[in-house]
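Asker: Here it is: the structure, laid out below.
The values are calculated or read from the model by the stated rules, or taken from the named source; none is laboratory data. None of these values were measured; they are calculated from a predicted model. Counting neighbours? That spans all protein chains shown, and the Cβs are built from the backbone with ideal geometry, glycine included.
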Amino acid sequence: MEGIRMRRRTATFAAVGAAFVAGVAVGPMVSAWAQDGGGRAETYRLLNLFGDVFERVRAEYVEPVNDRDAIENAINGMLNGLDPHSSYMNARMFRDMQVQTRGEFGGLGIEVTQENGYVKVISPIDDTPAARAGVKPGDLITHLNGNSVQGLTLQDAVEQMRGERGTAIRITIRREGAERPIELSITRDVIRPQVVRSRLEGDIGYIRLSSFNEQTETALRRAMQQLRQQAGNNLRGIVLDLRNNPGGLLDQAVQVSDDFLDQGEIVSTRARRQEDAQRWNARSGDIAQGLPVVVLINAGSASASEIVAGALQDHRRAIVMGVKSFGKGSVQTVMPIPGNGAMRLTTARYYTPSGRSIQATGIEPDIEVLAQREDAAQTVAARRDREADLRRALRNDNGAQPQAAPPLPPLNLPAGLVERVQRMPAEGAAAFDPTKPETDHQLQQALSLLRGIAAAPANPQRRAAR
């Protein structure tokens, strides 16, 4: 999922539900042409070129061509050629996207992008057919029902993976480290992901966010309330798990960040025009009431997840632990086109409160902790699973800013606590099993750190958070 917001075009685009971030009206598409007569003439010449090619295809292609398919393919090519996240959605795809952001959709349950013509898995969604079948972040889907995905647009591939509940699809996966392709048969289901899960780990509250849809912030507040009821006065800290969370709605990322902050900037966006820049600030109120927080991230934490991690890190409201995040620091505006679906266009970069753009760089954890020992030997390979390695990814513009972002203040943790964190599992440790929290090395290190903070006499982290 993208860091999405909705925009409506003045007198043209239809209004869409208020669950999306409020849009800013923009002028007609030809406004840029009017500023430059020479540019306008060149644009008309190129449009004539497109018309000539279109007519030649219609007249002479070996088989009859459907006009709508040809035009939609051309639009897809134009948008896909901009960056990995701009795209065209026909009416059906647009309806599916609206359903998905409401928290229910049909299919396999994977968040994907495109790389070198293949469909690349950003993250499987918890408790979905794909997750249960063993699909992993970074997997490359090369075939669907035996047919190569080469030549398909991302939208075409996604549409093939969707379908009626109970129907099966065979996918072929190429996985880093696997000697041969992996064949999986997955039965489609209605995907109603439980976006927030929580439980007590002794005296520490554990909250996992799997995506950012319209239900996320409300479910987070409910989970926090339940943890307090279960723990009484014994709650000592919170682990906010954003690993493999591919993102979602921008307004939900802002609200989740706001839940843990009392004041200050959460995130800002800068667009092509200065007047379109936006900034979101926190309001008073911290649902964790000053308890120390650890945010877990990994290479599958993208977009809205990075907004939350970056905001809490910059304000030193949380300690970020794990490995570097995906690095998607761009915002997509969904522009409905009445009767013809919508276009998803990258319109801005977002920046953390300290002014950092994380586009193509990601959020660096305060404390690096690997999930498994093999990650140390595969660091270079692992970095191929991030935004910077996607074709046509936007550059990071931190170097173009008039003033570099100031360095983050120190963590101010009790002496020796960080040194006691184990960077990787002990040799011979049990393999990770998602049903057994004790095998989750990153989680166990987060719990240990929080208990160490709670046990420290002065507890500076907790005092500062208040």
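Asker: What number of residues within region 130-149 are in contact (Cβ under 8 Å) with a residue 24 or more places away in the chain and of a type in the set (Lys, Arg)? So that I can check it myself, show each step before the final result.
Answerer: In the first step, residues of region 130-149 are kept if they are in contact (Cβ under 8 Å) with a residue 24 or more places away in the chain; the result is 130, 133-146, 149.
Filter once more, so that each one left must be of a type in the set (Lys, Arg): 136.
Residues in region 130-149 being in contact (Cβ under 8 Å) with a residue 24 or more places away in the chain and of a type in the set (Lys, Arg): 1 in total.
Asker: Within region 165-192, which residues are surrounded by fewer than 18 Cβ atoms within 10 Å (Cβ to Cβ), acidic (Asp, Glu) and in contact (Cβ under 8 Å) with a residue 40 or more places away in the chain?
Answerer: Glu176
Asker: Among the residues in region 31-39, are any of a type in the set (Phe, Trp, Tyr), modelled with pLDDT of 55 or more and either in the same structural domain as Ala304 (by TED's automatic domain parsing) or not in a loop (DSSP other than H, G, I, E, B) (or both)?
Answerer: no
Asker: If you don't mind, another one. Could you list, in sequence order, all residues of region 426-466 that are within 27 Å of Asp258 (Cα to Cα), at pLDDT below 90 and not in a loop (DSSP other than H, G, I, E, B)?
Answerer: Correct list: Pro460, Gln461, Arg462, Arg463, Ala464, Ala465.
Asker: Next question, about the same structure. Would you mind telling me which numbered condition in (1) out of contact with any helix residue (DSSP H, G or I) (no Cβ under 6 Å at 6 or more places or on another chain); (2) closer than 14 Å to Arg344 by Cβ; (3) touching a residue at least 12 places away in the same chain (Cβ under 8 Å) Ser87 fails?
Answerer: All conditions are met except number (1).
Asker: Test each condition in (1) without any contact (Cβ under 8 Å) to a residue 40 or more places away in the chain; (2) under 14 Å from Gly248 (Cα atoms) for Gln98 and report the one that comes out false.
Answerer: Going through the list (1) without any contact (Cβ under 8 Å) to a residue 40 or more places away in the chain; (2) under 14 Å from Gly248 (Cα atoms), Gln98 breaks only (1).
Asker: Can you find, within region 67-106, the residue that is modelled with the lowest pLDDT among those that are out of contact with any strand residue (DSSP E or B) (no Cβ under 6 Å at 6 or more places or on another chain) and among the small types (Gly, Ala, Ser)?
Answerer: Taking the candidates together, the pick is Gly103.
Asker: Looking at Gln359, Gln313, Gln332 in this structure, which one is within 15 Å of Ser257 (Cβ to Cβ) and either over 19 Å from the mean Cα position of the chain (by Cα) or of a type outside the set (A, V, I, L, M, F, W, C) (or both)? Lay out the reasoning, then the answer.
Answerer: Working: Gln359 fails: within 15 Å of Ser257 (Cβ to Cβ); Gln332 fails: within 15 Å of Ser257 (Cβ to Cβ).
Being within 15 Å of Ser257 (Cβ to Cβ) and either over 19 Å from the mean Cα position of the chain (by Cα) or of a type outside the set (A, V, I, L, M, F, W, C) (or both) holds for just one of Gln359, Gln313, Gln332, which is Gln313.
Let's see how each residue does on (1) at pLDDT 95 or above; (2) over 29 Å from Arg92 (Cα atoms); (3) in a strand (DSSP E or B):
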| position | (1), (2), (3) |
| --- | --- |
| Gly300 | no, no, no |
| Val308 | yes, yes, no |
| Leu312 | yes, yes, no |
| Arg316 | yes, yes, no |
| Thr346 | yes, no, yes |
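Asker: What number of residues within region 265-288 satisfy the criterion of being basic (Lys, Arg), closer than 18 Å to Arg316 by Cα and surrounded by 17 or more Cβ atoms within 10 Å (Cβ to Cβ)?
Answerer: Total meeting the criteria: 0.
Asker: Need at least 3 residues that are under 23 Å from Asn298 (Cβ atoms) and within 18 Å of the chain's Cα centre (by Cα) per element, so show me which strands (runs of 3 or more DSSP E) inside region 164-279 make the cut, counting only ones lying wholly within it.
Answerer: Details: elements: 168-174, 182-187, 189-191, 196-201, 204-209, 237-241, 265-271.
The qualifying strands (runs of 3 or more DSSP E) are 204-209.
Asker: Among residues belonging to region 123-163 that are among the small types (Gly, Ala, Ser) and part of a strand (DSSP E or B), point out the one that is surrounded by the most Cβ atoms within 10 Å (Cβ to Cβ).
Answerer: Ser123
Every residue, every condition in (1) at pLDDT 90 or above; (2) over 23 Å from Thr113 (Cα atoms); (3) part of a helix (DSSP H, G or I); (4) aromatic (Phe, Trp, Tyr), yes or no:
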site: Arg392; (1), (2), (3), (4): yes, no, no, no
site: Asn396; (1), (2), (3), (4): yes, no, no, no
site: Pro409; (1), (2), (3), (4): no, yes, no, no
site: Leu413; (1), (2), (3), (4): yes, yes, no, no
site: Gly416; (1), (2), (3), (4): yes, yes, no, no
site: Met424; (1), (2), (3), (4): yes, yes, no, no
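Asker: Then there's this: Can you pull out every residue in region 408-428 that is touching a residue at least 24 places away in the same chain (Cβ under 8 Å) and under 30 Å from Gly134 (Cα atoms)?
Answerer: Step one: list which residues in region 408-428 are touching a residue at least 24 places away in the same chain (Cβ under 8 Å), which gives 408-409, 411-414, 417-418, 420-425, 427.
Val421, Gln422, Arg423, Met424, Pro425, Glu427 - these are the residues of region 408-428 that are touching a residue at least 24 places away in the same chain (Cβ under 8 Å) and under 30 Å from Gly134 (Cα atoms).
Asker: Taking the stated definitions as given, is Asp241 more than 22 Å from Val99 (Cβ to Cβ) and either outside the structural domain of Phe326 (by TED's automatic domain parsing) or buried (at least 21 other Cβ atoms within 10 Å of the Cβ) (or both)? If you could, list the steps in order and put the result at the bottom.
Answerer: Numbers: more than 22 Å from Val99 (Cβ to Cβ): yes; either outside the structural domain of Phe326 (by TED's automatic domain parsing) or buried (at least 21 other Cβ atoms within 10 Å of the Cβ) (or both): yes.
For Asp241, the condition - more than 22 Å from Val99 (Cβ to Cβ) and either outside the structural domain of Phe326 (by TED's automatic domain parsing) or buried (at least 21 other Cβ atoms within 10 Å of the Cβ) (or both) - is met.
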